[in-house]
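What follows is a single structure, written as structure tokens, with notes after it.
The values are calculated or read from the model by the stated rules, or taken from the named source; none is laboratory data. The shown structure was predicted, so the numbers you read here are calculated from the model rather than taken from an experiment. So basically every Cβ, Gly included, is an ideal-geometry build from the backbone, and we count neighbours across all protein chains shown. The accessibility values were calculated without ligands, DNA or RNA, using every heavy atom of the protein model including side chains. Shrake-Rupley method; radii C 1.70, N 1.55, O 1.52, S 1.80 Å.
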Amino acid sequence: MHKVTPHSIAYVSCQLRFTLSSVTSWRSMDGDFDYIPFWRTIVDFFERPPGRAAQQKVEQLLAWWTRKVFGTSRRAELNDGAKANMSVNALARQRAQLDDAAFDSD
């Protein structure tokens, strides 16, 4: 995954709503709340905008979310040093070091 999509926003919205609710197991119907129309409404908002101006706003919003979630939209243009210092890569290196240390201590 390299960009935010209407489906990813709908998925996260459903997960967030479930997390904030008091139910303890997942169901498509949570009391009087139905996740299926909730999901469809969110996806339709992005995939069926009413006109060209609305379509441009949707594209801008998805681009904004992509920047917020994934950082710069020019990741391919970053040099290897910058990519290596990204937090996800730093965490992967730390995990590998911990795994190596645990393996070596056995």
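What FRET efficiency, computed as 1/(1 + (r/R0)^6) with R0 = 35 Å and r the Cβ-Cβ distance, is obtained for T41 and R93, rounded to the nearest 0.05? Efficiency, rounded to the nearest 0.05: 0.25. Site pair Q55 and D32 shows an inter-label distance of 3.9 nm when each label is modelled 7 Å from Cα along Cα→Cβ. Scalar couplings 3J(HN,Hα) for the range 29-46, obtained by applying the Karplus form with A = 6.51, B = -1.76, C = 1.60 to θ = phi - 60°, are 10, 10, x, 9, 9, 10, 5, 5, x, 4, 4, 4, 4, 5, 4, 4, 3, 8 Hz; x denotes Gly and Pro. Reported value for the range 1-44: 72 Å³ per residue, from the convex hull of its C-alpha atoms. When peptides 2-9, 44-51 are sorted by average Cβ neighbour count within 10 Å, with the highest value leading, the order is 2-9, 44-51. Given the chain, what whole percent of its Cα pairs are spread farther than 19 Å? So the portion of pairs separated by more than 19 Å is 64 percent.
Considering helices alone, the calculated mean residue ellipticity of the chain at 222 nm is -21500 deg cm²/dmol, with DSSP H runs of length four and up weighted by -39500 (n - 2.57) and normalised per residue. The residues of the range 1-72 present an accessible area of 75 Å² per residue when probed at 1.4 Å with all protein chains retained. Where the only charges are on Cβ atoms (+1 Lys, Arg; -1 Asp, Glu), what is the dipole of the chain about its Cα centre, to the nearest 20 debye? My answer is approximately 620 debye.
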